[in-house]
Amino acid sequence: MSREPNAEELAVLTRLLDKHRTEYATDAAGVDALLKSTGESPIPDGIDRPELAAWTSIARTLLNLHETMTRL
């Protein structure tokens with residue numbers, strides 16, 4: 001986006017990231033399901049897959065905000 005998040009927005013995103021890190025740390029099937037359905041490039045070797053899944057969830061959240069989408 002074209003601006004910095006305010007304190008409340010940053011707190012929400014931080015809590016969401018922490019929540020997804022915790023969930024994906026113990027849910028290998030969930031990580032695989034998310035990462036198989038997202039992206040076009042293969043995941044490089046050595047990438048922490050649960051961490052990637054958590055950040056993917058954050059990216060999806062940001063890309064689905066009303067101020068991110070273009071509406072006709």
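The values are calculated or read from the model by the stated rules, or taken from the named source; none is laboratory data. Quick caveat, the model's predicted, so the values are computed rather than measured. Please note: Cβ atoms are built from the backbone with ideal geometry, for glycine as well, and neighbour counts cover all protein chains shown. Side chains included, ligands, DNA and RNA excluded: accessible areas come from the protein's heavy atoms. Shrake-Rupley method; radii C 1.70, N 1.55, O 1.52, S 1.80 Å.
Take the residues in the range 14-25 that are open to solvent by 60 Å² or more (accessible area, probe 1.4 Å) and in contact with a Pro (Cβ under 8 Å, 6 or more places away or on another chain), then tell me which one is nearest to E67 (Cα to Cα).
From the range 14-25, those open to solvent by 60 Å² or more (accessible area, probe 1.4 Å) are 14-15, 18-19, 21-23, 25; that's our starting set.
Among the residues that remain, those that are also in contact with a Pro (Cβ under 8 Å, 6 or more places away or on another chain) are: 21, 25.
Numbers: R21: 26, A25: 31 Å.
Per the stated criteria, the residue is R21.
Being open to solvent by 60 Å² or more (accessible area, probe 1.4 Å) and either assigned to a loop (DSSP other than H, G, I, E, B) or hydrophobic (A, V, I, L, M, F, W, C) (or both) is the requirement here; does A11 meet it? No; evaluated as a whole, the condition is false for this residue.
Provide a single number: the residues in the range 23-72 that are outside any loop (DSSP other than H, G, I, E, B), among the hydrophobic types (A, V, I, L, M, F, W, C), more than 22 Å from V12 (Cβ to Cβ) and touching a helix residue (DSSP H, G or I) at 6+ places or on another chain (Cβ under 7 Å).
The initial filter retains those residues of the range 23-72 that are outside any loop (DSSP other than H, G, I, E, B), namely 23-25, 28-36, 49-63.
If we keep only those that are among the hydrophobic types (A, V, I, L, M, F, W, C) too, we end up with 25, 28-29, 31, 33-35, 52-55, 58-59, 62-63.
Now restrict to residues that are more than 22 Å from V12 (Cβ to Cβ): 28-29, 31, 33, 35.
Now drop any that are not touching a helix residue (DSSP H, G or I) at 6+ places or on another chain (Cβ under 7 Å), which leaves 31, 35.
Residues flagged as outside any loop (DSSP other than H, G, I, E, B), among the hydrophobic types (A, V, I, L, M, F, W, C), more than 22 Å from V12 (Cβ to Cβ) and touching a helix residue (DSSP H, G or I) at 6+ places or on another chain (Cβ under 7 Å) within the range 23-72 amount to 2.
You will find that of A28, A54, the residue that is touching a Lys or Arg at 6+ places or on another chain (Cβ under 9 Å), of a type in the set (A, V, I, L, M) and open to solvent by less than 60 Å² (accessible area, probe 1.4 Å) is A54 and no other.
Would you point out the residue of the range 60-72, among those that are of a type in the set (A, V, I, L, M) and closer than 17 Å to R3 by Cβ, that is surrounded by the fewest Cβ atoms within 10 Å (Cβ to Cβ)? By that ranking, first place goes to M69. Beta carbons closer than 6 Å, at least 6 apart along the sequence or on distinct chains, pair a first residue in the range 1-29 that is under 14 Å from T61 (Cα atoms) with a second that is assigned to a helix (DSSP H, G or I) for L17/A54; L17/I58; H20/A54; H20/S57.
Taking the residues in the range 31-51 that are of a type in the set (G, A, S) and exposed (fewer than 10 other Cβ atoms within 10 Å of the Cβ) as candidates, determine which candidate is modelled with the highest pLDDT.
Looking only at the range 31-51, we keep the residues that are of a type in the set (G, A, S), and these are 33, 37, 39, 41, 46.
From the residues that got through so far, the ones that are exposed (fewer than 10 other Cβ atoms within 10 Å of the Cβ) too are 37, 41, 46.
Numbers: S37: 87, S41: 87, G46: 95.
Filtering the range 31-51 for residues that are of a type in the set (G, A, S) and exposed (fewer than 10 other Cβ atoms within 10 Å of the Cβ), the one modelled with the highest pLDDT comes out as G46.
Close Cβ contacts (under 9 Å, 6 or more residues apart or on different chains) running from residues in the range 41-67 that are in contact (Cβ under 8 Å) with a residue 40 or more places away in the chain to residues that are open to solvent by less than 80 Å² (accessible area, probe 1.4 Å) and assigned to a loop (DSSP other than H, G, I, E, B) comprise L62/T68.
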